[in-house]
Amino acid sequence: MGKRTVMVFAFLAVVFSSTLILAEHHTPEDRGKAHFNNPAFAGGKKSCNTCHAGGSGLEGAGAKTAFNIMGAEQSSLEQAINICIVQANKGNALDVNSVEMQELVSYIKSLDAQKMPAGGK
């Protein structure tokens, strides 16, 4: 192989390995956590983390099918999130099927997995 071919392969190897490293840290949960900590997310004035520092108060939220937040009933986690975005964060409700909503849901669901003790019990 010529010097040029070796350099092209080396360059491609660096690009490919860098892409893998970056992709590993950009999961839906990671993006959801970024939304959770961003005061400007959904046009809001404060972040989800302002009221739920480190996810506190959200224990088990990912498994729930009914919520009662601020005196209103919600039948999904997505609806509950939108109540918080609109009422507490003063932002704009998200489409429940949007990528951003699904990323935020993924992060909230991941909180339970992070707090679960070894052995899953």
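With a Förster radius of 35 Å applied to the C-beta separation of C51 and N97, the computed FRET efficiency comes to 0.90. Note on exposure: E78, E59, E103, E29 ranked by accessible area (1.4 Å probe, complete protein assembly) read E59, E29, E78, E103, with the most exposed listed first. Averaging 1/r over each pair of different alpha-carbon atoms in region 34-121 and inverting the result gives 13.2 Å, the Kirkwood hydrodynamic radius.
The values are calculated or read from the model by the stated rules, or taken from the named source; none is laboratory data. Just so it is clear, the model here is predicted, and its values are computed rather than measured. Please note: Cβ atoms are built from the backbone with ideal geometry, for glycine as well, and neighbour counts cover all protein chains shown. Accessible surface areas use protein heavy atoms only, side chains included; no ligands, DNA or RNA. Shrake-Rupley method; radii C 1.70, N 1.55, O 1.52, S 1.80 Å.
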